[in-house]
Amino acid sequence: MGADDLEDHQLTREEKARKQVRQTAGYSVHLFTASGGAVAVLALYAAIDQKFAVMFGWLAVALFIDGIDGTLARAAKVEVFAPIIDGSILDLVIDFLTYVLVPVIALWRSDLMPEPWSFWIGLVVVIGSAMYFADTRMKTKDNWFRGFPALWNVFIVYLFVFKLPAILTAIAILTFVGLMFAPIVFVHPLRVEKLRIMTICMTVLWFVCAGSAVWGGFDGGLWSKVGLVLVGAYFLTLPFLRKSPWAEEA
């Protein structure tokens, strides 16, 4: 008889029922996280069909799932009651689909750059992002990201809204690929304590501006564009408000 079987044998009927409920809750949270994969496929289909507004809608759903599944996982104590599934790995798999793969396909199917450019630059993004996702130094001790956190689903909103010349678009993408491996920090909007309330408010403002721009056919008006620029400037400035912008210095 294994240790788990012995433990179950010693539990009362009420305790067993309570444990089964907690296990069901834990695996339900994992299933909720995994549902982001289905959302990613829907976004991918929309990107391939060049229905980019629909694609961004599905990516917003994916961001919602990603934004609350961690809280649900901690509440359900999945590491205790649903330990067979590694929630961290599952989360990374889904994030790679929605943060990287779908935006790369959208870039390729758009007219933001000549197709050969978008294809080869997309490959660079995918390879670089795969390396970043596997980097054990991704997070600092104080919960900042080390390097640009491969938020290509956010970055591509700016590309669609501002429609820079192809050469500038290519330079911007390759610059941020390089920033993934730079020893500087980028804020985690929910976990970094410094200016957390302000950062959450700016994140909400970003969603409002981005949603308005997408709803308006990627031309949501001056205020949406100004809002996106201001929020982007805020997030790029935050590392310099930390004790040090260098990842190795907490």
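Hey, does the stretch 215-223 have a residue that's small (Gly, Ala, Ser) and either under 16 Å from Phe148 (Cα atoms) or part of a helix (DSSP H, G or I) (or both)? There is no residue in the stretch 215-223 that is small (Gly, Ala, Ser) and either under 16 Å from Phe148 (Cα atoms) or part of a helix (DSSP H, G or I) (or both). Across the stretch 209-235, the qualifying residues are those that are exposed (fewer than 13 other Cβ atoms within 10 Å of the Cβ) and at pLDDT 95 or above, and the one among them that is nearest to Gly57 (Cα to Cα) is Val226. Condition check: closer than 22 Å to Lys141 by Cβ and touching a helix residue (DSSP H, G or I) at 6+ places or on another chain (Cβ under 6 Å). Does Pro245 satisfy that? Taking the combined requirement at face value, the residue satisfies it.
Check the stretch 232-243 and report whether any residue there is part of a loop (DSSP other than H, G, I, E, B) and either touching a strand residue (DSSP E or B) at 6+ places or on another chain (Cβ under 7 Å) or among the hydrophobic types (A, V, I, L, M, F, W, C) (or both).
Scanning the stretch 232-243 turns up at least one residue that is part of a loop (DSSP other than H, G, I, E, B) and either touching a strand residue (DSSP E or B) at 6+ places or on another chain (Cβ under 7 Å) or among the hydrophobic types (A, V, I, L, M, F, W, C) (or both).
Residues that are free of Cβ contacts under 8 Å to residues at least 24 places away in the same chain and in a loop (DSSP other than H, G, I, E, B) within the stretch 165-182 comprise just one, Pro165. Does Lys194 satisfy the criteria of being in a loop (DSSP other than H, G, I, E, B), surrounded by fewer than 16 Cβ atoms within 10 Å (Cβ to Cβ), among the charged types (D, E, K, R) and touching an Asp or Glu at 6+ places or on another chain (Cβ under 9 Å)? When the stated conditions are applied, Lys194 passes them.
Of all residue pairs spaced 6 or more apart or on separate chains, those with beta-carbon atoms under 7 Å, a first member in the stretch 98-127 that is in contact (Cβ under 8 Å) with a residue 24 or more places away in the chain and among the aromatic types (Phe, Trp, Tyr) and a second member that is assigned to a helix (DSSP H, G or I) and buried (at least 16 other Cβ atoms within 10 Å of the Cβ) are Tyr99/Trp152; Tyr99/Asn153; Trp117/Ala170. Might you let me know whether the stretch 127-142 holds any residue that is among the aliphatic types (A, V, I, L, M), crowded, with 20+ Cβ neighbours inside 10 Å and modelled with pLDDT of 95 or more? Among the residues of the stretch 127-142, not one is among the aliphatic types (A, V, I, L, M), crowded, with 20+ Cβ neighbours inside 10 Å and modelled with pLDDT of 95 or more, which makes the answer no. Among the residues here, Arg22 qualifies as within 32 Å of the chain's Cα centre (by Cα) and either outside the structural domain of Tyr158 (by TED's automatic domain parsing) or at pLDDT below 80 (or both).
Exactly one residue among Val226, Val185 is β-branched (Val, Ile, Thr) and not in a helix (DSSP H, G or I), and that residue is Val185. Being of a type in the set (A, V, I, L, M), modelled with pLDDT of 95 or more and under 28 Å from Ala73 (Cβ atoms) is a property that Val124 lacks.
So, in the stretch 21-40, of the ones that are hydrophobic (A, V, I, L, M, F, W, C) and in contact (Cβ under 8 Å) with a residue 12 or more places away in the chain, which residue ends up nearest to Thr98 (Cα to Cα)? Out of the qualifying residues, it is Ala40.
The values are calculated or read from the model by the stated rules, or taken from the named source; none is laboratory data. Since the model is a prediction, treat every value here as computed from it, not as a measurement. Positions of Cβ are generated from backbone atoms using ideal geometry, with glycine treated the same way; all protein chains shown enter the neighbour counts.
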